[in-house]
Amino acid sequence: FVHEQLLALREAGGAVLLLSTELDEVLALSDRVVALVRGRFVPVPPGARAATLGAILLGEADGGAAA
């Protein structure tokens, strides 16, 4: 139910800030993703998969590198 409401709000032009520990949830519900790593915001490439996002969050990738 919550996911449906978030997607409906997005489709209506609203903005949603989603914080989640579930990588698949973040990728499924988000248009843009930014990771907070060691106090820095790191952009996540559009179309990134969970493995890429996980590597960025672990500090193993910089957001611009393929992971």
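The values are calculated or read from the model by the stated rules, or taken from the named source; none is laboratory data. Since the model is a prediction, treat every value here as computed from it, not as a measurement. We place every Cβ from the backbone using ideal geometry, glycine too, and count neighbours over all the protein chains shown. Surface accessibility is based on the protein's heavy atoms, side chains included, excluding ligands, DNA and RNA. Shrake-Rupley method; radii C 1.70, N 1.55, O 1.52, S 1.80 Å.
If you go through the stretch 16-33 and keep only what is of a type in the set (Asp, Glu) and either in a loop (DSSP other than H, G, I, E, B) or modelled with pLDDT under 85 (or both), you end up with GLU22, ASP31.
Here's the yes/no breakdown for (1) charged (D, E, K, R); (2) out of contact with any helix residue (DSSP H, G or I) (no Cβ under 9 Å at 6 or more places or on another chain); (3) open to solvent by 70 Å² or more (accessible area, probe 1.4 Å):
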| residue | (1), (2), (3) |
| --- | --- |
| GLU4 | yes, yes, yes |
| GLY14 | no, no, no |
| LEU18 | no, no, no |
| LEU29 | no, no, no |
| PRO45 | no, no, no |
| ALA48 | no, no, no |
| LEU53 | no, no, no |
| GLY59 | no, yes, no |
| ASP62 | yes, no, yes |
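One line per residue, one yes/no per condition, for (1) touching a strand residue (DSSP E or B) at 6+ places or on another chain (Cβ under 9 Å); (2) among the small types (Gly, Ala, Ser):
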| residue | (1), (2) |
| --- | --- |
| LEU18 | no, no |
| GLU25 | no, no |
| ALA28 | no, yes |
| VAL33 | yes, no |
| PHE41 | yes, no |
| ARG49 | no, no |
| GLY54 | no, yes |
| LEU58 | yes, no |
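Within the stretch 36-58, residues that are without any contact (Cβ under 8 Å) to a residue 60 or more places away in the chain and over 16 Å from LEU19 (Cβ atoms) sit with their Cβ atoms under 6 Å from residues that are hydrophobic (A, V, I, L, M, F, W, C) and exposed (fewer than 14 other Cβ atoms within 10 Å of the Cβ), at 6+ positions apart or across chains, in these pairs: PRO43/VAL34. Pairing residues of the stretch 1-24 that are under 22 Å from THR52 (Cβ atoms) with residues that are part of a loop (DSSP other than H, G, I, E, B) and of a type in the set (S, T, N, Q), at Cβ distances under 7 Å and at least 6 apart in sequence or on separate chains, gives LEU18/SER30.
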